[in-house]
Amino acid sequence: LRSYLRDESSRLRRLRRFYEKVQALHQDPKASVDNPLLAFSLIKRLHSDWPNVIYSDEATRNTQALHAGLREVEQELPGAEDLNGAARALMRLQDVYVLSVKGLASGVFQRAGPPPLYSPGRRVPLSADDCFHVGKVAYDTGDYYHSIAWLEEAVSLFRLSYGSWNLEDRSSLEDALDHLAFSYFMAGNISHALSLSREFLRYDPGNQRVSRNVVKYKKLLEMGTGASGTGRGAVVPHQCCAPLMPSLVLPLPPQAAPEQLPHLSCSYETNSSPYLLLQPAKKELVQIQPYVALYHDFITDAEADTIKGLAGPWLQRSVVASGEKQQKAEYRISKSAWLKDTADPVVRALDRRIAAVTGLDLRPPYAEYLQVVNYGLGGHYEPHFDHATSRKSPLYRMKSGNRIATIMIYLSAVEAGGSTAFIYANFSVPVVKNAALFWWNLRRNGNGDGDTLHAGCPVLAGDKWVANKWIHEHGQEFRRPCSADPQD
């Protein structure tokens with residue numbers, strides 16, 4: 001684009017010089033066509049110079065060069081899936097953190113009351129076209145709750161700037177009114193749908209589809225019919241709608257038992273390991289049931305950067321277990337890669353450190369490879385267990401039993417959001433850079449611990465990187481033996 005602007009600016013400067021020369025010749029009061037040289041110049045200018053300038057293919061060449069440049073980088077640019085995913089991420093943040101759409105559109109992460117949940121150093125407002133696209137993504141999936149909120153903001157912003165045109169806009173006030181009217185109709189507010197459709201016709205009075213919708217809205221109101229029943233299908237939307245996309249809904253957990261709090265502590269731990277004698281682990285006991293501990297300064301900045309660098313080229317959309325298969329899912333939005341301990345000495349050293357802190361055996365096949373995960377814009381993971389809840393789970397293909405424990409290392413800091421929330425236990429752990437979060441997934445009797453249901457809250461601002469190490473139950477029989485109580 002910079003190259004195109006430079007070439008076009010040069011072309012326009014040459015065109016202006018030609019215009020100024022012609023203008024000067026025509027406006028010179030001393031000039032006379034009696035001068036044969038002037039007469040010749042005038043005839044030549046009128047016969048060939050003007051057409052050469054008007055039909056110059058320089059502008060076409062500049063545009064073709066711009067298009068060619070775009071084609072060179074097109075494969076590296078975000079696609080439709082990325083754009084729609086980013087729109088859904090904004091809606092997810094809106095829901096989970098109860099953010100105002102009007103505030104988001106103006107660049108403010110505002111909840112119901114002050115202060116803002118997050119205050120960026122530079123406020124980035126959204127345009128009317130931006131808000132329309134978010135609303136359109138919701139509209140296309142039949143999610144009229146979100147489409148109404150975002151299209152309302154788009155309509156308000158388009159009204160303020162009506163009559164002006166932005167080069168990058170792909171939508172207009174008429175588009176926003178059209179989609180918003182049908183969204184209100186589907187939500188049951190026929191009178192408002194009628195009002196918006198009438199406003200649309202003021203800008204586009206010849207639109208027959210919207211005119212027919214106005215007539216049908218009037219009839220429905222006269223009949224006292226809501227948005228349900230046979231009347232709904234009679235109104236023609238701007239585009240066919242898909243089923244409603246499920247939103248992130250967290251179950252309400254029970255209240256935490258206050259008597260547990262006095263037992264929480266911080267300590268330096270060696271775990272009887274020579275590896276930790278000179279540099280004990282900084283352990284913070286976060287919760288008794290389920291047992292959750294946070295090890296501060298578990299890795300260094302350099303180690304974290306190395307692990308992110310190793311994983312970066314291999315990152316792919318994360319998958320989840322579905323029956324006997326693994327597949328992508330909307331309830332887990334992240335990218336991940338797997339690193340063997342042979343990938344780098346840093347990974348090998350990290351495995352030794354995890355084994356020392358946990359006291360567990362990480363030798364293959366008793367533990368999985370290190371999984372490195374990147375949660376970008378609105379990245380999250382809805383409530384789930386790390387351990388398998390079915391014998392058909394792909395986890396059992398390792399033939400080393402279920403996942404007995406999880407250790408999750410925070411490789412980066414985030415500005416807002418991204419906490420790990422334990423739903424039923426009613427507590428969350430914020431992102432603490434270079435710390436490692438450890439918990440037992442299974443009880444001593446081998447049953448799954450239901451209190452370990454947890455979620456990765458959406459990242460509101462920042463770039464969240466974590467490294468997961470899942471340890472299996474085989475090989476741990478003498479390191480974490482069963483207790484005398486079969487219920488334990």
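Odds and ends about this structure:
- The single condition among (1) modelled with pLDDT of 90 or more; (2) in contact with a strand residue (DSSP E or B) (Cβ under 8 Å, 6 or more places away or on another chain) that residue 379 does not meet is (1).
- Criterion (farther than 19 Å from residue 101 by Cα and either open to solvent by less than 40 Å² (accessible area, probe 1.4 Å) or touching a helix residue (DSSP H, G or I) at 6+ places or on another chain (Cβ under 8 Å) (or both)) met by exactly one of 211, 147, 164: 211
- Complete set of residues in the stretch 400-459 that are small (Gly, Ala, Ser) and assigned to a loop (DSSP other than H, G, I, E, B): 400, 401, 412, 413, 418, 419, 425, 435, 446
- Residues within the stretch 276-292 that are open to solvent by 30 Å² or more (accessible area, probe 1.4 Å) and part of a loop (DSSP other than H, G, I, E, B), tallied: 7
- Residue in the stretch 41-64 that is surrounded by 10 or more Cβ atoms within 10 Å (Cβ to Cβ) and under 35 Å from the mean Cα position of the chain (by Cα) present: yes
- All conditions but one from (1) at pLDDT below 95; (2) closer than 27 Å to residue 452 by Cβ; (3) assigned by the TED database to the domain that holds residue 297; (4) open to solvent by 40 Å² or more (accessible area, probe 1.4 Å) apply to residue 273; the one that does not is (4).
- Complete set of residues in the stretch 293-308 that are in a strand (DSSP E or B) and touching a Leu at 6+ places or on another chain (Cβ under 7 Å): 293, 294
- Residue among 411, 460 that is open to solvent by less than 10 Å² (accessible area, probe 1.4 Å), more than 16 Å from residue 291 (Cβ to Cβ) and among the hydrophobic types (A, V, I, L, M, F, W, C): 411
- Pick from the stretch 95-112, criterion in a helix (DSSP H, G or I) and free of Cβ contacts under 8 Å to residues at least 60 places away in the same chain, ranking: farthest from residue 133 (Cα to Cα): 103
Quick grid of which residues meet (1) outside the structural domain of residue 217 (by the TED database); (2) under 25 Å from residue 221 (Cα atoms); (3) of a type in the set (A, V, I, L, M, F, W, C); (4) touching a residue at least 60 places away in the same chain (Cβ under 8 Å):
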| residue | (1), (2), (3), (4) |
| --- | --- |
| 142 | no, yes, no, yes |
| 145 | no, yes, no, no |
| 155 | no, yes, yes, no |
| 202 | no, yes, no, no |
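- Some residue of the stretch 66-80 being under 24 Å from the mean Cα position of the chain (by Cα), assigned to a helix (DSSP H, G or I) and polar (S, T, N, Q): yes
- Positions within the stretch 371-387 being part of a loop (DSSP other than H, G, I, E, B) and more than 24 Å from residue 353 (Cα to Cα), in sequence order: 376, 377, 378, 379, 385
- Evaluated against (1) in a strand (DSSP E or B); (2) among the hydroxyl-bearing types (Ser, Thr, Tyr); (3) open to solvent by 30 Å² or more (accessible area, probe 1.4 Å), residue 390 falls short on exactly one condition, (1).
- The stretch 464-488, subset of a type in the set (S, T, N, Q) and modelled with pLDDT of 95 or more, residue farthest from the chain's Cα centre (by Cα): 476
- Taken as a whole, the structure leaves residue 8 outside the set of residues that are assigned to a helix (DSSP H, G or I), among the charged types (D, E, K, R) and open to solvent by 60 Å² or more (accessible area, probe 1.4 Å).
- The residues in the stretch 117-140 that are in contact (Cβ under 8 Å) with a residue 12 or more places away in the chain and either exposed (fewer than 15 other Cβ atoms within 10 Å of the Cβ) or among the polar types (S, T, N, Q) (or both) can be counted, and the count is 5.
The values are calculated or read from the model by the stated rules, or taken from the named source; none is laboratory data. What you see is a predicted model; the values in this text were computed from it and never measured. With ideal geometry, Cβ positions are generated from the backbone for all residues, glycine too; neighbour counts draw on all protein chains shown. Only protein heavy atoms, including side chains, enter the accessible area calculation; ligands, DNA and RNA are left aside. Shrake-Rupley method; radii C 1.70, N 1.55, O 1.52, S 1.80 Å.
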